1. Enumerate the calculated ³J(HN,Hα) couplings along region A:140-149 in order (Karplus 6.51 cos²θ - 1.76 cosθ + 1.60, θ = phi - 60°), each rounded to whole Hz, writing x wherever the residue is Gly or Pro.
2. Please report Rg over Rh for region A:232-276, where both radii come from the alpha carbon positions and Rh follows the Kirkwood definition.
3. Return an integer: the convex hull volume of the alpha-carbon atoms of the protein assembly as shown, in Å³ per residue.
4. Can you sort B:HIS196, B:HIS10 from fewest to most other Cβ atoms within 10 Å of each residue's own Cβ?
5. For region B:74-180, state the average projected area of the convex hull of the C-alpha atoms over all orientations, rounded to one decimal in nm².
6. Region B:14-122: Rg/Rh from Cα coordinates, Kirkwood Rh?
7. Positive end of the charge dipole of chain B (Lys, Arg +1 and Asp, Glu -1 on Cβ, about the Cα centre): tell me which of B:ALA184, B:ILE6, B:LEU124 has its Cα farthest that way.
8. Name the residue farthest towards the positive end of the dipole of region A:55-167 from the options A:PHE154, A:ILE84, A:ALA118, assuming +1 on Cβ of Lys and Arg, -1 on Cβ of Asp and Glu, about the Cα centre.
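Every read-out reported here was derived from the displayed coordinates using simple, explicitly stated rules and does not represent laboratory data. Everything quoted here is computed from the prediction, not taken from an experiment. Cβ atoms come from the backbone with ideal geometry, glycine included; neighbour counts cover every protein chain shown.
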Amino acid sequence: MSAEAVTAASASAAARPRRPPNARTVLAAAARKLLPFSGVALLLAVWHVLAASGLYTAEQLPGPLDALRASREVWTEGTLLPHIGASLARFASAYIAAVGVAVPLGLLFGLRPSLWKAADPVIQVLRPISPVAWFPLAVLWLGIGNLPAIAIIFVAAFYPALLATVSAVRRVDPVFLRVARNFGTRDHQLLLKVIVPAAFPQIAMGLRIAVGAAWVYLVAGEMLGARSGLGFLIMDARNFLRTDLILMAMGLVGAIGFAIDRGVAFLERRLDARWGLLPEEHP
Amino acid sequence: MTASAISVEHATRRYRGRDGELRDALFDFSLEVEAGGFVCLLGPSGCGKTTLLNLVAGFDRPTSGRVLVHGRKVDGPDPSRICIFQSYALYPWRSVLGNVEYGLEVRGVPRAQRRAIAEEYLRLVGLEGFSRHHPHQLSGGMQQRVALARALAVDPESVLMDEPFGALDALTRIRLQDEVGRIALSRSKTILFVTHDVEESVFLADRIVVMAPSPGRIQRIIPVPLKRPRCRTNDGFIALRAEVLHELGVVHPGGPLRTTRPISNRPQESAP
C-alpha cells in the first residue's frame, strides 16, 4: 500500500512541471525566513520602549543599546571571552560527567527490570528536588568555587539523561533482540551490537534535554562563589549595580544556550536520518 | 529410519488470555517436515501458525509435547534455524551489507571473509550495488530481500518465514515468491512458511498444512504435486487453488473453478 502511495506521489510530482518562482512566492518565502527574527526584533523593541519610557530609572532597566555598550566595555577589557570560556568548560565537564554516569547506569537499569523497580522510587523522589535546593549542601561538602558549580550542573543534567536511557533500553523493539538471539549473539555482544545502537536515537533525545537543563543551571551554579564565568559576571555586576552588564550577560547566556541546543539538534537530526527515523529529503 | 528435519510431536501451547481464560493456541499438533521440504502453514489468524513457528524457532516452548530438529530437542533459538519476519527486522543503524554480515560477525568470521559471503548473498537476491544503503532507503520488498540474504548468509538448515510478504504490495509479493521458490529449489533449504495467502501457498509449498483455530490444529494436509517452476495461470494450479480455498470454506462446492478463474478466461465470455 505504501509503495503504491509513493509511486503515485512521485508520478504526480513528475507530471507537474516546476514553475519558475514569481515575485510573490519569493516574497512569501523571504517572509517565512524572517519570521523567527521578527519575534526577536519585537522583544528588543518592547525592551527599548520600556527602557526609554521613563517608567524605570536607567539603573533599574537599561535599554538594549546600553547592554550593547556594556558588552563592548567588557570586550575591550578582555574579560568577556575568559568568562565565556570558564562557563563553557564547567558546563562541558559537568555535562560529560553526568552523561558518563547516567547512561551506563541507565543501561543497567534498563536491562535489569528488578534493579530498576528498586531504584525507580529513589530517583522519582530525588528528581523533583531542584538543583538549587542542593546549594547549601553543595557548599558544605564541596566548598566554594568550581566544584559546587559543576555539581549543580551535574544534578541538572543527570536525571533527564538517566530516565531517557532507561526508557530507551526498555523500548528496544523485541524483534531486534529475537533476531540477535536467532543469529547466536552472545550476551557480551548483545549490549554493544544491538541494545545500545537500537536505543541510541532515544538516548540522544534525552541527552539533548539534558544539555538544555544543564545550561539553565549554569548561572545558578556559578553564583556559588565561582570567580569567573557568566554567572559570576552577573553576581559581580549586581554588586556594582551594573544592570546593563547583568542584562548583557543574561542575553549572552540565552544566545549561547540557543546555539548549543541548535548544534545538538543538528547532530540529532543527522543521527535520526541515519537510523531512518526521518524521511529523507528528496530534491 | 532417519529423523525428519523438523518433527513436531503432540505439541500443545497453552496461554492465559487477557480475560484470564486458558486457551490452546496449539493443541496436540504433530507434523513431520523432511529435509529440503517446503511446507506452508495456511489458515485464518488465531489458528496457531505463528505459535508453531515460534516453537520450531525455539523462541517459545510447548506446554506439552515436543519439537525435534534432526532428532534433537529444540531448547532455544539457533542459527541453523533462521526466522524471517513480516516486519523485516533489519537493524536500521547498519548498512545493507552490515545487516547481511551480522550473523557471520557474531560468529567470529573474519571481516574480509564475511564481506565476501555477504556480497555473494546480496547478489543472489539481486541487491548488489545497494550494500552501502541503509534499510530505510530501500522499499519493503528490497528490505525483505536483505532479510533473506541475511538469513541465507549463515547457511541455515532451515528458514522459518512468518508471513514474510504480508506487508508488500501484490506485484512485489509475486516477484519475491518467484525468488524464494527459486532459492528454495537451488539451495535445498528446509522451509516452514506461514501465510494466509492461498495462492502463495500453492505456488511455493510441497505440502500445505491447512490449520483451523480454537484450538489451533491441523485441518488437512494438502500435497502440491505441481512441477517447479510453477505457473500461476495453468489449470492444475487453478484447480488446486480452488481446492485449498474450498478447504478453507471460502468457496462453496459446485463451481469452484468458475468462481476462481480470471474473468477473461471464463468460457462463456471468451471472444471467439
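1. 4, 8, 10, x, 10, x, 5, 4, x, 4
2. Numbers: Rg = 16.8 Å, Rh = 12.4 Å.
Rounded to two decimals, Rg/Rh equals 1.36.
3. Details: hull volume 145.4 nm³, N = 555.
So the per-residue Cα hull volume is 262 Å³.
4. Values: B:HIS196 17, B:HIS10 12.
Ranking B:HIS196, B:HIS10 by Cβ neighbours within 10 Å, fewest first, gives B:HIS10, B:HIS196.
5. Values: hull surface 26.8 nm².
Approximately 6.7 nm², given one-decimal rounding.
6. On the way: Rg = 17.5 Å, Rh = 16.7 Å.
My calculation puts Rg/Rh at 1.05.
7. About the Cα centre, the residue reaching furthest to the positive side is B:LEU124.
8. Projecting each Cα onto the dipole axis, the largest value belongs to A:ALA118.
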